[in-house]
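Please read the structure below before turning to the comments.
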Amino acid sequence: MTTFLHEGDLPDGLDLGPVVALDSETMGLRFRRDPLCVVQLSSGDGHAHVVRLNRPGYDCPNLKRLLTDPQVLKIFHFARFDVGMFALHLGVTTAPIYCTKIASKLARTYTDRHGLKDVTRELLGIEMSKVQQSSDWGAAELSPEQLAYAASDVLHLHELREKLDAILEREGRMPLARACFDFLPTRASLDLAGWEDQDIFAHA
């Protein structure tokens, strides 16, 4: 595995292919309190690109172009949060999307454990460390441990998608999954508009 650290944006001319795994690191999990700090990407080739964003300007045209490219499928785990952060701080609507967490909830109905660590352990037999998850992602320099953690969150998403797709197809739930993925930008917009903690589809 090679991890490439980029300051501010993806390099000009970098082609990550038609399917890109993405994740982000922030200072916390509150949209307007906690800034977006890092975005990591992988084309599924065993390498990861980590972008340490320049705040507060977020001048990253190459990254924004990738996020909005209709010809590039973006794979996330819990896309709702990342897509909301990208909309808030980068001003873009990310699409098209595949979310391995939603796919897991629709496919792996025999369990309630759908975190990335759990899904990766079961489907791929790989143990992931989450020690650096709650570290300071706004620091002036990222540690080797932080870079390794950021990379690990995207390196396996392509393979997870394949495993989850096989179950979704087998159980006849792929059309439902695709509809959920397509709705994610709207779900993120609801979060940003104040309905983050409310299920507007519930009866109550």
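The values are calculated or read from the model by the stated rules, or taken from the named source; none is laboratory data. Because the structure is a prediction, the values reported are computed rather than measured. So basically every Cβ, Gly included, is an ideal-geometry build from the backbone, and we count neighbours across all protein chains shown. When the accessible area is computed, the model is the full protein with side chains, heavy atoms only, and any ligands, DNA or RNA have been set aside. Shrake-Rupley method; radii C 1.70, N 1.55, O 1.52, S 1.80 Å.
Summary table
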| read-out | value |
| --- | --- |
| Gain in span if fully extended, GLU196 to GLU159, counting 0.36 nm per residue against the direct Cα distance | 10.3 nm |
| Separation of the HIS203 and LEU14 label points, Cα + 7 Å toward Cβ, nm | 5.0 |
| Förster radius 35 Å - calculated FRET efficiency between GLU127 and ASN54, Cβ distance, rounded to 0.05 | 0.55 |
| Residue order for GLU141, GLU7 - accessible surface, 1.4 angstrom probe, largest first | GLU141, GLU7 |
| Segments 115-124, 63-72, 170-179 sorted - mean Cβ within 10 Å per residue, highest first | 115-124, 63-72, 170-179 |
| Anchor LYS163: aspartates and glutamates whose Cα lies under 15 Å away (excluding residues fewer than 8 positions away in-chain) | ASP118, GLU122, GLU171 |
| Formal net charge of residues neighbouring ALA177 (Cβ-Cβ distance under 13 Å; K, R +1; D, E -1) | +3 |
| Over the chain: helical MRE at 222 nm, DSSP H runs n ≥ 4 each giving -39500 (n - 2.57), nearest 500 | -11000 deg cm²/dmol |
| Selected from LEU14, LEU106, LEU157 as most flexible by GNM, with the chain as the system and alpha-carbon contacts under 10 Å | LEU14 |
| Positive-end residue of GLN198, VAL154, LEU5, charge dipole of the chain with Cβ unit charges | GLN198 |
| Stretchable slack from PHE78 to ARG32, in nm (0.36 nm times residue separation minus alpha-carbon distance) | 14.7 nm |
| Radius 11 Å from Cβ of VAL50, net charge of other residues (Lys, Arg +1; Asp, Glu -1) | -3 |
| Among GLY44, THR100, LEU73 the positive-end extreme of the charge dipole of the stretch 1-129 (Cβ point charges) | THR100 |
| Over the stretch 52-128: Kirkwood hydrodynamic radius from C-alpha pairwise inverse distances, Å | 14.0 |
| For ASP23, distant residues with modelled amide H under 5 Å away | GLN40 |
| Only Lys, Arg (+1) and Asp, Glu (-1) charged, at Cβ; the chain dipole about Cα centre in debye | 520 |
| Selection from GLY28, LEU63, LEU14 lying farthest towards where the dipole of the chain points positive, charges on Cβ | GLY28 |
| Solvent-free Debye scattering, log10 I(q)/I(0), computed from the Cα coordinates of the stretch 1-97 at q = 0.11, 0.12, 0.25 Å⁻¹ | -0.27, -0.33, -1.60 |
| Inter-probe distance in nm under a simple model that places probes 7 Å from Cα toward Cβ, at ALA148 and ALA166 | 2.9 |
| Helical segments meeting 18 Å axial Cα length and Kyte-Doolittle 0.0 threshold in the chain (DSSP H) | 174-190 |
| Environment charge of ASP15, counting only residues whose C-beta is closer than 14 Å and scoring Lys/Arg +1, Asp/Glu -1 | -2 |
| Candidates ASP191, ASP82, ASP23: whichever shows maximal mean-square fluctuation once the chain is modelled as a Gaussian network with Cα springs under 10 Å | ASP191 |
| Listed candidates [x] 1.12; [y] 1.34; [z] 0.99 - label of the one calculated as Cα Rg over 2.2 N^0.38 Å | [z] |
